[in-house]
Amino acid sequence: MNQFFATFLSAGFWYGVIRCATPILFGALAALMSRRCGVTNMAIEGIMMFGALVAVIGSALSQNVWIGLLCSIVIAVVISLGLTMFKIRMQADEIMSAIAINLFATGGTVFVLYMITGEKSNSSKLANPVLPRIDIPILKDIPFIGEVFSGQNILVYVAIAAVFVIYYLLFKTPLGLRIRSVGGNPNAAESVGVSVQKMQYIAMGISGVLSGLAGAFMSLAYMNMFTAGMTAGRGYIALAASNLGGAHPIGALLASLLFGLFDFLSNSMQQMGIAPELIQMTPYLATVILYSIYSYMKMTEKRRKNKKLAKGKAA
Amino acid sequence: MSETNYLELRKITKVYPNGVIANEDVNMVLQRGEIHALMGENGAGKTTLMKILFGIEQPTSGEIYLEGQKIEIHNPLDAISKKIGMVHQHFMMDENLTVTENVILGMEPTKGLSLDTKKAREMTMEIAKKYNFKITPDKRVMDLSVGQKQKVEILKALIRGAQLLILDEPTAVLTPQETEELFEQLKILRDEGHTIIFISHKLNEVKHICSRATVLRGGKSVGSHDLKDISLAELSKLMVGRDVVREIEKQKAKPGDAVLEVKNLKVLNDELVQVVNDVSFKLRKGEILGIVGVEGNGQRQLIDCVTGLESEYQGEILIDGKVCAHSNGVKQRRDAGLNHIPEDRLTYGVIANATLLENLISNTYDKKENNKGIFMDDKKNSDRVTDLISRFQIKTDSKHTLVRMLSGGNMQKVVAAREMSTDMSILVADQPTRGIDVGTESFIHDRLVEMRDKGVAVLLVSADINEVMELSDSLIVFYEGEITAYFPDASKVTEEELGLYMLGLKKMKDEEIAEVAK
């Protein structure tokens, strides 16, 4: 048990939590951008997967990690806009389209990987550069805090910046107001000449950029290669984080940290001799339990308050 | 063409892809600075015509002239640029945004990349002040009353420079006082040179505020008239093609024993604010008890509890002296003899994607007599439905038509037919005639009185104050979740007096109110 608490108090632990929270945070921001414009984007999982693969390929072929990152963003934007087009132009069901994209990603990424490397499990044959870690001057010299926050991958800082950029975009700019109005009541937006479709394409494009960053983080930062199925449900967890955070960037940040904590906990507790399978299911189990408790509390709020009211009147 | 015609619609025809002819050779001429009524029963094509004018729908044929120039309006943006604004029946606002945000949406002032919130608020206040609208710029729209929301909608059109305002049944949701206020505002707008199209089927209002009227019937225009030259009776004859007797004919009620009793009811709304505060009353056989009140004063929650749609409440509801269950309450109440014509027909009244037959049997299909073993008795159900369709004069091609294909008035008849055709002791009629035409309205009124005479207890809620006053035998007034007045004889109350209680300016003594629970 002491070992357990020692783990919690170590800087390394929190460093890891932030690292694990990053792809979820990117995904959650992508999810909330789409939700704010009125699209339920279930495809983040699949988009991340393609992004992760393409990032490695781009990075290996060009031997330039930035080109790899760019490739990931481009493919993610293309797929996001594709999903939007299916919904808007072809009137397809967005959930069905997203499931198709996710299943396509599961098989498609392995197929492409095999075509290029002859391997089906990972891209270790490709020698690709990875994204750099950054030491932050001054901050890195502060005990504990420096160890937690400094020396993280560059995308970790990008993710934190993205929270504020998305907040500013949604709540402080005309574009954000229009996107929110489209998600809130598309008829209202249309009636004052705001193009619903245009706003959805723009918001989904931004959502795509964030999904691409999430994918690239997985294969160029979290690990240094692509492995089959490496997103492992993070795209779905991101959706949950966005919902739990009330589709607000700050809420999404906090929810992502919570899920990141569970994710990293499963990694670190593995070293204490607990069955890895058991630990690996904790973040998902935690999602179900946390989300159930959250929903149940919301649902029963009325009943509890009603009871209190009755008691108050009787007294 | 003469200079005085501000807008002219010539031979507008609209045929929908499914073959429905909504408008046929409709003509309409507007002069600048007039309030012009567009009248007609439901399904007469008023809204379609206005959607064409606002660019939401494209006409199949016909021409539109604005100040003598032939114009084409492809979308609402086109309409706005031609200074045409529309206030829809169902408000076009994002309830999560503030008043200011809704007003300036699509024409936001900026400072650099950011939204200039200060400027936005100033713009909103400026236009509100110009036309003497009292608004709260930073409140969220969801916290506003219906009347206030409507003002925001009108402001939205005005700030975009609208010279022609189309108001689609603006008074349907307003109290008498709010209606008066709206009329004052419309007069100000008219005097400023704005032209207003006022869609309504309320004859009194039209006569009161409009100078001329164009009447549509069955998609065709049956003429424009100067309202000085035409009587209300003639106008209504034009609308429905027959004389409508507005007065509801009914005998004096002979109330029997109480069948429904509400005891010390307390309810919270979804925002957990207490909206029904210790309400008690009794409803007797053979009487129509009307509930009046401005929307949002707890009537909604009261009805939801009485009908069992809301299960979280304190207090007791008794039918025939038996306490009703909280959970799974709807079925239990229905079995105990309570039928319900719900307010919102599309949400609670009908299954839009099911057929007429399926809708009409949805409260009886599980009764033993309508089944043969484990199968439904198709013959019996079908015969019954055929009978209902003819008795309630539902206009449809067949009983297998999907309900969403019907007009609003016919949908309401489907609900009425279903809820009024089984044995019952209580009928809760919640806005039974909202948004339907005069013909259907009087038909439903007659049925309600007929049921009452058969000994059914009727609980009536309506936003149309004339309807409640004429139909009800006794009345209770709701204000801020409490009964503030009880009138045992509804015929002795005036509209003005009711208004005072509805707005909370007057309240009866507790003893007088307690009478209703005796």
In the range B:378-500, what % of DSSP beta bridges are antiparallel (nearest 5)?
-> 50
Can you tell me the order of B:221-233, A:70-82, A:213-225 when each peptide is scored by its average per-residue count of other Cβ atoms within 10 angstrom, highest first?
-> A:213-225, A:70-82, B:221-233
Electrostatic dipole magnitude of chain A [Cβ: Lys, Arg +1; Asp, Glu -1; Cα centre; debye, to 20] | 1460
If we restrict to alpha carbons, what Rg and Dmax does the protein assembly as shown come to, in Å?
-> 31.8, 95
Residues of B:307-316, mean number of Cβ from any other protein chain within 10 Å of their own Cβ, rounded to a whole number?
-> 2
Rank by packing, highest mean first: peptides B:358-370, A:289-301, A:11-23, with packing defined as the count of other Cβ atoms within 10 Å averaged across residues.
-> A:11-23, B:358-370, A:289-301
Among A:Lys87/A:Lys198; B:Lys129/B:Lys151; B:Lys14/B:Lys83; B:Lys129/B:Lys187; B:Lys252/B:Lys454, which pairs are too far apart, with a Cα-Cα distance over 18 Å?
-> B:Lys14/B:Lys83
Between A:Phe171, A:Leu131, A:Val56, whose Cα lies farthest towards the positive end of the dipole of the range A:11-314 when Lys and Arg beta carbons carry +1 and Asp and Glu beta carbons carry -1, centred on the Cα centre?
-> A:Phe171
Counting only DSSP beta bridges fully inside the range B:5-240, the antiparallel percentage to nearest 5 is 55
Hey, which of these cross-link pairs are over 28 Å Cα-Cα: B:Lys149/B:Lys220; B:Lys149/B:Lys207; B:Lys11/B:Lys156; B:Lys149/B:Lys331?
-> B:Lys149/B:Lys220; B:Lys11/B:Lys156; B:Lys149/B:Lys331
So what are the ³J(HN,Hα) numbers for the range B:376-389, from phi and the Karplus equation (6.51, -1.76, 1.60; θ = phi - 60°), rounded to whole Hz, Gly and Pro as x?
-> 6, 7, 4, 4, 5, 4, 5, 4, 4, 5, 4, 4, 4, 4
What are the ³J(HN,Hα) values, in whole Hz, obtained from phi via the Karplus relation 6.51 cos²θ - 1.76 cosθ + 1.60 with θ = phi - 60°, for each residue of the range A:54-61 in sequence order, with x given for Gly and Pro?
-> 5, 4, 5, 4, x, 5, 6, 5
Would you mind computing, in nm to one decimal, how far apart the modelled labels at B:Asn204 and B:Ser311 are, each placed 7 Å from Cα along Cα→Cβ?
-> 4.3
Shape call, the range A:11-314: gyration tensor on alpha carbons, a/c limit 1.5 = oblate
Assuming R0 = 60 Å, what is the FRET efficiency of B:Arg140 and A:Lys125, from their Cβ-Cβ distance, to the nearest 0.05?
-> 0.60
Work out the mean other chain Cβ neighbour count within 10 Å for the residues of B:88-100 and drop it here as an integer.
-> 4
Looking only at other chains, what is the average number of their beta-carbon atoms within 10 angstrom of each beta-carbon in A:189-199?
-> 6
Under 14 Å from the Cβ of B:Ala157, count the other residues' Cβ atoms, weight Lys and Arg +1, Asp and Glu -1, and hand me the total.
-> +4
Evaluate E = 1/(1 + (r/R0)^6) for B:Asn27 and A:Ile138, where r is the Cβ-Cβ distance and R0 equals 60 Å; express this FRET efficiency to the nearest 0.05.
-> 0.15
Karplus ³J(HN,Hα) for the range A:209-224 (6.51 cos²θ - 1.76 cosθ + 1.60, θ = phi - 60°; Hz, whole; x = Gly/Pro) runs 4, 5, 4, x, 4, 4, x, 4, 4, 4, 9, 10, 9, 4, 10, 10
With each run of n ≥ 4 DSSP H residues scored as -39500 (n - 2.57), what mean residue ellipticity at 222 nm is computed for chain B after dividing by its residue count and rounding to the nearest 500 deg cm²/dmol?
-> -9000 deg cm²/dmol
Relative contact order (percent) for chain B, with alpha-carbon contacts under 8 angstrom and 6 or more residues of separation?
-> 15
Under a Gaussian network model of chain A whose springs join Cα atoms within less than 10 Å, the largest fluctuation of A:Gly118, A:Gly212, A:Gly233 belongs to A:Gly118
Which of rounded, prolate, oblate describes the range A:3-70, given a ≥ b ≥ c as roots of the alpha-carbon gyration tensor eigenvalues and a/c under 1.5 marking rounded, otherwise prolate only if a/b is larger than b/c?
-> oblate
So who's got an amide H within less than 5 Å of the one on B:Ile166, skipping anything under 5 residues away but keeping other chains? H placed 1.01 Å off N, in plane.
-> B:Gly85, B:Met86, B:Val87, B:Ile197
Give me the net charge of A:Ser219's neighbourhood, meaning all other residues with Cβ under 15 Å from the Cβ of A:Ser219; Lys, Arg count +1, Asp, Glu -1.
-> +1
Does the range A:105-195 classify as rounded, prolate or oblate by the C-alpha gyration tensor (a ≥ b ≥ c root eigenvalues; a/c under 1.5 gives rounded; else a/b over b/c gives prolate, otherwise oblate)?
-> oblate
The protein assembly as shown - share of DSSP beta bridges that are antiparallel (%, nearest 5) | 60
Give the total of Lys-Lys pairs in the range B:346-422 with Cα-Cα distances below 20 Å; include a pair only if its members are 8 or more places apart or on different chains.
-> 9
Within the range B:407-430, what residues put their amide N at less than 18 Å from the label point 7 Å along the Cα-to-Cβ vector of B:Ile351?
-> B:411-412, B:414-419
Quote the relative contact order of chain A in percent (integer), defining contacts as alpha-carbon pairs under 8 Å separated by 6+ residues.
-> 33
Could you tell me the largest-minus-smallest coordinate of the C-alpha atoms of the range B:5-240 on each of the three principal axes, in descending order and whole angstroms?
-> 53, 37, 33
Once the Cβ-Cβ distance between B:Lys119 and B:Asp335 is put in as r, and R0 is 60 Å, what FRET efficiency do you end up with, to the nearest 0.05?
-> 0.50
Dipole of the protein assembly as shown (Lys/Arg Cβ +1, Asp/Glu Cβ -1, origin at the Cα centre): which of B:Ile351, A:Ser34, A:Ser256 lies farthest to the positive side?
-> A:Ser256
Neighbourhood net charge (11 Å Cβ-Cβ; Lys/Arg +1, Asp/Glu -1) for B:Gln148 = 0
Given the rule -39500 (n - 2.57) for each run of at least 4 DSSP H residues, summed and divided by the residues of chain A, what is its mean residue ellipticity at 222 nm, to the nearest 500 deg cm²/dmol?
-> -25000 deg cm²/dmol
Mean separation of Cα contacts under 8 Å (6+ apart) over length of the range B:5-240, as relative contact order % = 29
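Just so you know, all these numbers are worked out from the coordinates, no wet-lab data involved. No experiment lies behind these values; they were computed from the predicted model shown. For neighbour counting, all protein chains shown are included, and Cβ atoms are generated from backbone atoms with ideal geometry for every residue, glycine included.
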